[in-house]
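> Have a look at this one.
The values are calculated or read from the model by the stated rules, or taken from the named source; none is laboratory data. Fair warning: this is a prediction, and the values are worked out from it, not measured in the lab. Using ideal geometry, Cβ is built from the backbone for each residue, glycine included, and neighbour counts are taken over all protein chains shown. Only protein heavy atoms, including side chains, enter the accessible area calculation; ligands, DNA and RNA are left aside. Shrake-Rupley method; radii C 1.70, N 1.55, O 1.52, S 1.80 Å.
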Amino acid sequence: MLSSSPGPIGIFDSGYGGLTILHGIRQLLPGYDYLYLGDNARAPYGPRSFDVVYEFTRQAVAKLFEMGCHLVILGCNTASAKALRTIQQVDLPQWDPERRVLGIIRPTAEVIGSLTESRHVGVLATEGTIRSESYNMEIRKLHPDIHVSGVACPFWVPLVEYNEADSPGADYFVKKRIDEILRLDPEIDCLILGCTHYPLLMPKILKYLPNGVRVVPQGEYVADSLQRYLERHPQVEQRCSKGASVHYMTTENPDKFKEQAQLFLHEPVDVENVALER
């Protein structure tokens, strides 16, 4: 039986990148309670099939609901691309029609129309997100005149998680993908970072981007979108508890999570290990 008492806002990611989403949300909406869950033991999700990503994401959302969340943000582009729609349409009506699960692709797609002048936009993301064409579909739905090009960046997440984002070796992999997407479409004036790890590579990305190309990380836009969502849906907002707390859970080793979280949040965290239902 799911609790009807107010509970924290849940943030889920397959790994650590969703911490950048959590950080952006907390900057704008610090008064709420938050519960972060990283399925670090089974990351990365990017190369996995739609069915596997859906099943893993479904388990994570169920856990967050069990922990008292009424609203869960999929702070993971792959999960948003491969699992969100099915969870919203199939699972939520069975679990509790009053609960909500939101993704992070649509908020970026909504805002991109006001950011691009050339109407040519690039997306750098994981293989799974690019293959799903979720950004293309969401952007074209809202802005049919925008041309979207995407490139997968398979080595970028390991660069971040192995603390190599600032290393000279990272330059090769970052430059290679930026050159590739600009060859695909030289008219791009906005570049969406469609993976939550990528903001940690920002100095390298800016180093190899030509002047006039704007980088669009997701954190602030997801936060703005969530704020507007809560204003439009007071019945959901009232179910979000407000104690300005944040709690972290991982399916991996808590000590490893603490170490990695420092890279993303620059502050110590307390974390507990949890198991997800198979």
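> Starting from the alpha-carbon convex hull of the chain, give the projected area averaged over all orientations, in nm².
Average of the hull's projected areas for the chain equals 13.7 nm².
> Quick one: check the C-alpha center-to-center distance for the range 106-169 versus the range 60-93, whole angstrom.
21 Å
> Looking at this model, which pairs from 63/207; 82/176; 141/242; 63/204 are more than 31 angstrom apart at the alpha-carbon?
63/207; 141/242; 63/204
> Ignoring ligands and nucleic acids, what accessible area does residue 249 show with a 1.4 Å probe (Å², nearest 10)?
Accessible surface of residue 249 is approximately 0 Å².
> Farthest toward the dipole's positive end in the range 64-123, which of 115, 104, 83, given Cβ charges of +1 (Lys, Arg) and -1 (Asp, Glu) about the Cα centre?
Looking along the dipole axis, the top candidate is 115.
> Further question: Within the range 86-127, what whole-number % of the accessible surface is contributed by carbon and sulfur, with the 1.4 Å probe and all protein chains included in the calculation?
45 percent
> Let me ask something additional. Let me make sure I get this right: for the range 65-167, a, b and c are the square roots of the gyration tensor eigenvalues over alpha carbons, sorted descending. Under 1.5 in a/c it's rounded, otherwise prolate if a/b > b/c, else oblate. Which is it?
The shape class here is oblate.
> Run the simple label-point estimate for residue 247 and residue 263 please: 7 Å along Cα→C-beta, distance reported in nm.
Reported label-point gap for residue 247 and residue 263 is 2.7 nm.
> Treat every Asp and Glu Cβ in the chain as -1 and every Lys and Arg Cβ as +1, leave all other atoms uncharged, and give the resulting dipole magnitude about the Cα centre to the nearest 20 debye.
For the chain, the charge dipole is close to 380 debye.
> May I pose another question? Kindly report the accessible area of the range 104-239 per residue (heavy atoms of protein chains, probe 1.4 Å, no ligands, DNA or RNA), in Å².
Ligands and nucleic acids excluded, the figure is 46 Å² per residue.
> Using only the Cα atoms of the range 1-122, what do you get for the radius of gyration and for Dmax, in Å?
Considering the range 1-122 through its Cα atoms, Rg and Dmax are 14.9, 51 Å.
> Please work out how much accessible surface residue 50 shows to a 1.4 Å probe, ignoring ligands, DNA and RNA, in Å² rounded to 10.
We get 90 Å² for residue 50.
> Along the charge dipole of the range 118-184, Cβ charges K/R +1 and D/E -1, which of 174, 158, 147 sits furthest on the positive end?
Most positive-ward Cα: 147.
> Over the range 184-242, what is the relative contact order in percent, taking alpha-carbon pairs closer than 8 angstrom and at least six residues apart?
35 percent
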